[in-house]
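Trainee: Mind having a look at this structure? Questions to follow.
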């Protein structure tokens with residue numbers, strides 16, 4: 001199984017069953033904003049690369065592969081849409097509209 005340490009940290013540490021308590025938000029955008037506050041530009045670029053790699057590795061079963069790797073109470077499906085929203089917010093944070 002390929003390693004995705006940044007995705008693992010994102011899902012295990014921020015986007016889990018306690019996400020609303022951790023981030024202070026019940027909305028996806030607020031949760032993303034909380035994560036972005038403490039992340040370096042280099043980390044964010046690498047996170048985009050991991051999202052791209054994960055999506056490329058699972059072109060036909062992205063939601064299933066994601067749910068198997070990151071089981072929990074927070075449903076991120078459709079995962080492609082979650083990744084797209086996250087990528088867009090990262091690009092905005094990096095000034096790459």
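Trainee: Within a 10 angstrom radius of the beta carbon, how do 48, 85 rank from fewest other beta carbons to most?
Mentor: Lowest count first: 85, 48.
Trainee: Testing the spin-label approximation: label points 7 Å from Cα along Cα→Cβ at residue 40 and residue 8. State their distance in nm.
Mentor: Placing both labels 7 Å along Cα→Cβ, they lie 2.0 nm apart.
Trainee: Right, another one. In whole angstrom, note down how far apart the Cα centers of the range 40-97 and the range 1-31 are.
Mentor: 11 Å
Trainee: Okay, moving on. Based on the inverse mean of 1/r over its pairs of different Cα atoms, what is the Kirkwood hydrodynamic radius of the range 1-65, in Å?
Mentor: 12.8 Å
Trainee: Further, regarding this structure: Calculate for the chain the 222 nm mean residue ellipticity that helices alone would give, adding -39,500 (n - 2.57) per DSSP H run of length 4 or more and normalising by residue count, nearest 500 deg cm²/dmol.
Mentor: When only DSSP H runs of four or more count, the value is -20000 deg cm²/dmol.
Trainee: Between residue 60 and residue 75, 0.36 nm times their residue separation minus their Cα-Cα distance comes to what?
Mentor: That pair, residue 60 and residue 75, stretches by 3.6 nm at full extension.
Trainee: Name the most mobile residue of 52, 33, 60, meaning the one with the largest mean-square fluctuation, in a Gaussian network model of the chain with Cα contacts below 10 Å.
Mentor: So, out of 52, 33, 60, the one fluctuating most is 60.
Laboratory data are not the source of any read-out in this text; all were calculated from the coordinates shown. Remember, it's a predicted structure, so these values are computed and weren't measured experimentally. Cβ: placed from backbone, ideal geometry, glycine included. Neighbour counts: every protein chain shown.
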